[in-house]
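The values are calculated or read from the model by the stated rules, or taken from the named source; none is laboratory data. Keep in mind that this is a model prediction, so the values were computed, not measured. In this analysis, Cβ positions are derived from the backbone assuming ideal geometry, glycine residues included, and neighbour counts consider all displayed protein chains. With ligands, DNA and RNA removed, areas are computed over all heavy atoms of the protein, side chains included. Shrake-Rupley method; radii C 1.70, N 1.55, O 1.52, S 1.80 Å.
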Amino acid sequence: MIPDCVGMTLHPKFEPTFTKPMQFQSLTLENFAQYRDRQVIDLLPMDQRPVVLFGGQNGHGKTTLLDAIRLALYGQRANCSTRGKLSYSKFLSQCVHRHTPDQPTVLELVLRQPDDHEFRIHRTWSMGDSRDILTLFRNEWEDVALTRTWDEYIETLFPLGISNLFLFDGEQVKELAEQEELPAEVIGAIKTLLGLALPDLLSNDLDILLSKKSRDEANSQQQKKFQDIEQHLNELQAQKSKFKQTGASLENSLHFAEKNLHQAQAQWLAEGGRIAAEKAQLEAQFKHLTFLETQHQQTLRELAAGALPLSLIQPLLKQAQAQAQQEIYHQKFTVAQELIRERDQALLSFLQTLKLKPKQFEQIQTFLQISETNPTDSNAWLKVEMDVLPEFNQALQTLPDLVQQGYKYLEYLAEIQAEIEVVQQQLAKVPSEEHHEKLQANIDIAQAELVQFRAKKEQTLHHLEQIRKEIEGTHKELLDYGKQAIDQEKHQYFLQSVQQVQTTLAEFKTRLKSRKLNQLETQVTQCFLYLLHKSNLIHRVEIDQETFNLSLFDFEGEPVPKNRLSAGEKQLLAIALLWGLVRASGRNLPIAIDTPLGRLDSSHRQNLIKKYFPTASHQMILLSTDTEIGSGEVQQLRKEEAISYEYLLKYDIHQRQTVVKKGYFW
């Protein structure tokens, strides 16, 4: 359940609280962009399984499917991703499969209307056609009248002005999340969805009625004045429309300029631009590392020139040590033996004076002879000197320390050489100075183009504001003149009634906006808290009644700056705004999302997988790569029993076309 943050609850599964839903039943593509052969895709979800999942690598036709739906619905008015500044005829030719340009292109979208009527929108064209041929079928029967009025009819069913709130991509959500103020098109969509534009239309109609009544009652001179003012007003309206078109074109150009700048910056990074900027630092680092390498190599050479190589024959050295000790002992015994013999002779002479028994004397004499025998082997092949042995022993004792020191310097040398290899690899990636300058020039050109388009946009907005004020003044002049021209006695009641209705309408508009925005605040707050995994951060969301900008507040009523939110949380707030708008409007329309997870981290991805995709609409079409909705995410959706169909877009390089297959990456 979504938390009952404002006295309401929302079940995770889509609640049937709206009007009966409109659904996309199927989409057919033939010779359209990457899709050469006829592809018929079933989109109608099963009960309580709203998700229709498409998987495909970049460039395999995911965005093309979303463009196909837009183009089928709105034709020339469709806001397709690849159209840019192209005329409609050139855009249609661009959509023809490039390897079969002589074949006609066909788009068909089947809708199931809330009243259970089935509409089949059939569009076809060939290379070079200035426009497509539209045919509408109602319940399998061609409807000529509906074909003629389709642009007007689709506005009652799925208005173009709100379509970007239902058919969008993750990059749009990311851009919306990063903007401090809502774009004009989003504000317009909010007004349309919530019915806030209706009072303005009624007010304008009353002004037109008053102006017409004033013109009808005026004399010939007044008629001329009326006509002059109306002509001036029409000219201003035409200028306003022209500047609006210019502004829309500049907005599109600005988007492409920003995209070009991002691409130039990405190419600059990918082709070593940053490394080139750090080239001097890398060269200094390389010089320092090679100096350390030389030092350690010299240290190792000095160790190798000393006693270190003796570590290779340590067992032989220990044998030599034992042999040397034995030979030294033998030398010492030989030196002492002569003294012992003289002592023994003196002892025997003394014993003879004691007149011992002969047997006792022989025993003592035998003992002394035995003790004079050298117990060691006299095989002295080493011929070591006595003063050499201490130095030999000292060398053997220090040998382990030398070995450890050698290993330590070898380890240092290996680390330094590894760092040198990394720096060499980075230096190898440094582009030539000419190429680096070319990359930087591309960035400079893209930045200059972006600044130029921004300046033009600001200038256009300034002109629009000036024209709006002039229209307002001219409109007021027209109304004032009309009021003067009406016969006061005969039409006083009419004027008073119109003014009273305008006053009542203005109050109604204020109250309606307040009530609708309060409802929207409730829905956005609910949806945001439901999607947000840090429930203690935000307590409520408020919407400014003039600018429609969002403000966040904590549990103590203190404002929470948007910069306190992470990038992922900002995207969740943008999604919550779109979701809240859908719920507050009562329009039960399908949702299609290209690049649905964008750059969200794992926890925020899980929240969308569990809480948004299975809940936001009765029909949720997702177009994803394998790095967005991965193995874990698709298993979660399957576990939630949220998926009706899974499709995989595979590009066949031999057939040179994308084929729609059942199943997903996993």
Top-ranked residue of region 643-666 - restricted to ones that are within 23 Å of the chain's Cα centre (by Cα) and assigned to a loop (DSSP other than H, G, I, E, B), ranked as modelled with the lowest pLDDT: Trp666
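Would you check if Ser585 is out of contact with any Pro (no Cβ under 6 Å at 6 or more places or on another chain) and free of Cβ contacts under 8 Å to residues at least 12 places away in the same chain?
Working: out of contact with any Pro (no Cβ under 6 Å at 6 or more places or on another chain): yes; free of Cβ contacts under 8 Å to residues at least 12 places away in the same chain: no.
Spelling it out, it is not the case that Ser585 is out of contact with any Pro (no Cβ under 6 Å at 6 or more places or on another chain) and free of Cβ contacts under 8 Å to residues at least 12 places away in the same chain.
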Subset of region 543-585 [open to solvent by less than 20 Å² (accessible area, probe 1.4 Å), of a type outside the set (A, V, I, L, M) and either more than 26 Å from Leu65 (Cβ to Cβ) or out of contact with any Cys (no Cβ under 6 Å at 6 or more places or on another chain) (or both)]: Phe548, Gly568, Glu569, Gln571, Gly580
Leading residue by the ranking (farthest from Leu577 (Cα to Cα)) among those in region 168-199 that are of a type in the set (S, T, N, Q) and buried (at least 17 other Cβ atoms within 10 Å of the Cβ): Thr192
Residue count for region 82-91, restricted to those that are open to solvent by 50 Å² or more (accessible area, probe 1.4 Å) and either in a helix (DSSP H, G or I) or closer than 19 Å to Glu30 by Cα (or both): 2
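So that you can scan it fast, the table gives a plain yes or no per residue for (1) in contact (Cβ under 8 Å) with a residue 40 or more places away in the chain; (2) surrounded by 14 or more Cβ atoms within 10 Å (Cβ to Cβ); (3) in contact with a helix residue (DSSP H, G or I) (Cβ under 6 Å, 6 or more places away or on another chain):
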position: Cys95; (1), (2), (3): yes, yes, no
position: His99; (1), (2), (3): yes, no, no
position: Val110; (1), (2), (3): yes, yes, no
position: Arg120; (1), (2), (3): no, yes, no
position: Trp125; (1), (2), (3): no, yes, yes
position: Asn139; (1), (2), (3): no, no, no
position: Arg148; (1), (2), (3): no, no, no
position: Phe166; (1), (2), (3): yes, yes, no
Residue within region 293-308 that is over 20 Å from Glu421 (Cβ atoms), surrounded by 16 or more Cβ atoms within 10 Å (Cβ to Cβ) and modelled with pLDDT under 75 present: no
Residues located in region 506-540, provided they are at pLDDT below 85 and among the aromatic types (Phe, Trp, Tyr): Phe508
Qualifying residue in region 430-438 (condition: farther than 30 Å from Ala184 by Cα, outside any helix (DSSP H, G or I) and small (Gly, Ala, Ser)): yes
Wholly enclosed strands (runs of 3 or more DSSP E) of region 541-642 bearing at least 2 residues at pLDDT below 90: 550-553
Those residues of region 445-462 which are farther than 14 Å from Leu250 by Cα and either at pLDDT 85 or above or in contact with a His (Cβ under 7 Å, 6 or more places away or on another chain) (or both), in sequence order: Ile445, Gln447, Ala448
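Within the group Ala414, Ala441, which residue is closer than 30 Å to Gln267 by Cβ, open to solvent by less than 90 Å² (accessible area, probe 1.4 Å) and in a helix (DSSP H, G or I)? Write out each step before concluding.
Details: Ala414 fails: closer than 30 Å to Gln267 by Cβ.
None of the other options fit; the residue is Ala441.
Each row is one residue, and each column tells you yes or no for (1) assigned to a loop (DSSP other than H, G, I, E, B); (2) under 29 Å from the mean Cα position of the chain (by Cα); (3) at pLDDT 90 or above; (4) surrounded by fewer than 22 Cβ atoms within 10 Å (Cβ to Cβ).
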position: Asp37; (1), (2), (3), (4): yes, no, yes, yes
position: Ile41; (1), (2), (3), (4): no, yes, yes, yes
position: Leu44; (1), (2), (3), (4): yes, no, yes, yes
position: Phe54; (1), (2), (3), (4): no, yes, yes, no
position: His60; (1), (2), (3), (4): yes, yes, yes, yes
position: Thr63; (1), (2), (3), (4): no, yes, yes, yes
position: Leu71; (1), (2), (3), (4): no, yes, yes, no
position: Gly75; (1), (2), (3), (4): no, no, yes, yes
position: Asn79; (1), (2), (3), (4): yes, yes, no, yes
Every residue from region 150-164 that is touching a residue at least 24 places away in the same chain (Cβ under 8 Å), open to solvent by 10 Å² or more (accessible area, probe 1.4 Å) and farther than 30 Å from Leu597 by Cβ: Asp151
